[in-house]
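The values are calculated or read from the model by the stated rules, or taken from the named source; none is laboratory data. Bear in mind the structure is a predicted one, so any value in this text is a computation, not a measurement. Every residue, glycine as well, gets a Cβ built from its backbone with ideal geometry; the counts of neighbours run over all protein chains shown. To get the accessible areas, we keep the full protein, side chains included, count just its heavy atoms, and leave off ligands, DNA and RNA. Shrake-Rupley method; radii C 1.70, N 1.55, O 1.52, S 1.80 Å.
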Amino acid sequence: MRIATQTETINLYDLTRPQLETLLAGWGFSIYHADRVWAYLYQQQLQSLAEMKGLRPDLRQQLEAAAVLAPLATVAAIDSSDGYTRKFLLGLPDGQSVETVLMRFEGRDDGEGRATACVSTQVGCAMGCVFCATGQMGFLRHLTPGEIVAQVVYVDRLLRQQGENLRNVVLMGMGEPLHNYDATMAAVDIMTDHKGLALAPRHITLSTVGVVPGIRRLADEERPIHLAVSLHGATDAERQALVPPARRWPLNELMAACRYYLEKRNRRIFFEWTLIEGKNDTPAQAHSLGRLLQGLDAHVNLIPLNPTAGYDGRPTRSAAVTQFQSILAEYGIPSTVRQRRGIDIAAGCGQLRADKTRLHVDSPTS
Ligand code: SAH
Ligand code: SF4
């Protein structure tokens, strides 16, 4: 694995703990020192090397010469009128930016409110789903592990200042995480490291458009995070009309990969279905989804379409959503309707695109 060269500056957030240990060992420092640096990064969440005052001066010099600590800059922040959602446009070192969303949910059975960060894995997206603002902007580049981790640190720091902690991460922001597999998984390893951010893997959910090789790889690896698969159509023709990568990975291959995942991991899969009026919300389509998933350990998340500039469909009305759910129930498939969050600030599912102008223009609170 590539962690350093003579000429490259290392972003410390890019490194897993074993990689940090190797780097420091190469300079003659023991694991004890690596643990100190790690704690500064993820427990104390310091924002510059200069703040790491407890390090041996020679180690700090080495770090300053070879590495950077690159927290993300706030380009803009905006609150939703729903009172639960805050969206951030965060600047990357090369001048690009991504959106990250902080959501709060209440009323859990265990009485605990839970803060959730919706994190991006790419600038833009190559998959081109017609109803998604990120897809509409095209693909600019992958994020590095450190740029994914830095979004999590950003949100966690903010919460800590308010006496809270980040509990959940959903890899459902801009981009297709399984198209950026290695960086995404390195980021997951960093955020779940027990000496650092220590997020529980079961509190991390990765959503994919259905990248079959990635699902199979995830099934083969020991990373007990949750998997969500975006379906939106239960026949190839209907799915392809909404989700272009469905041409590359037809439903039979996708469902075979999902069955493989269920066998290997024995963990329920969430299937996402954006409900678009007149497109994929009829009783017949609910039956065909029910038949597709029958017998699988599956849960369906229904997401009434959120508005985006490049697609003029409408969300399914609530009576039809309820009917859709009751048909799925006939097949033994549980479902929930995703709570609508941050729609007024374009922070809902599929509304994210890194666009500074739009963020300011749309702002109801600034
Ligand atoms: N690339 C991943 C994760 C990001 S999108 C994926 O596609 O799964 C997260 C979810 O939002 C996906 O299920 C996606 O299909 C859905 N989505 C995209 N655009 C939407 C929109 N305009 N309204 C509602 N859901 C949308
Ligand atoms: Fe990419 Fe997901 Fe949007 Fe499709 S829905 S364009 S895969 S981010």
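Here are the numbers for this structure:
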read-out: Single condition ALA198 does not satisfy, out of (1) under 21 Å from ILE303 (Cβ atoms); (2) open to solvent by 30 Å² or more (accessible area, probe 1.4 Å); (3) small (Gly, Ala, Ser); value: (1)
read-out: Test set (1) farther than 24 Å from ILE148 by Cβ; (2) without any contact (Cβ under 8 Å) to a residue 24 or more places away in the chain; (3) touching a helix residue (DSSP H, G or I) at 6+ places or on another chain (Cβ under 9 Å); (4) open to solvent by 70 Å² or more (accessible area, probe 1.4 Å) - ALA65 fails condition number; value: (3)
read-out: Residue check for GLY138: at positive phi, within 16 Å of ligand 2 (Cβ to nearest atom) and free of Cβ contacts under 8 Å to residues at least 24 places away in the same chain; value: yes
read-out: Residues located in region 216-233, provided they are free of Cβ contacts under 8 Å to residues at least 24 places away in the same chain and assigned to a strand (DSSP E or B); value: none
read-out: Counted residues, region 31-55 - those being open to solvent by less than 10 Å² (accessible area, probe 1.4 Å), at negative phi and in contact (Cβ under 8 Å) with a residue 24 or more places away in the chain; value: 4
read-out: Within region 89-125, tally of residues that are modelled with pLDDT under 90 and buried (at least 24 other Cβ atoms within 10 Å of the Cβ); value: 0
read-out: Of all residues in region 248-263 being touching a Lys or Arg at 6+ places or on another chain (Cβ under 9 Å) and not hydrophobic (A, V, I, L, M, F, W, C), the one that is surrounded by the most Cβ atoms within 10 Å (Cβ to Cβ); value: TYR261
read-out: From GLY138, GLY214, residue being within 16 Å of ligand 1 (Cβ to nearest atom) and surrounded by fewer than 17 Cβ atoms within 10 Å (Cβ to Cβ); value: GLY138
read-out: Looking only at region 311-345, and only at residues there that are near ligand 1 (Cβ under 10 Å from one of its atoms) and modelled with pLDDT under 95, the one that is surrounded by the most Cβ atoms within 10 Å (Cβ to Cβ); value: ILE343
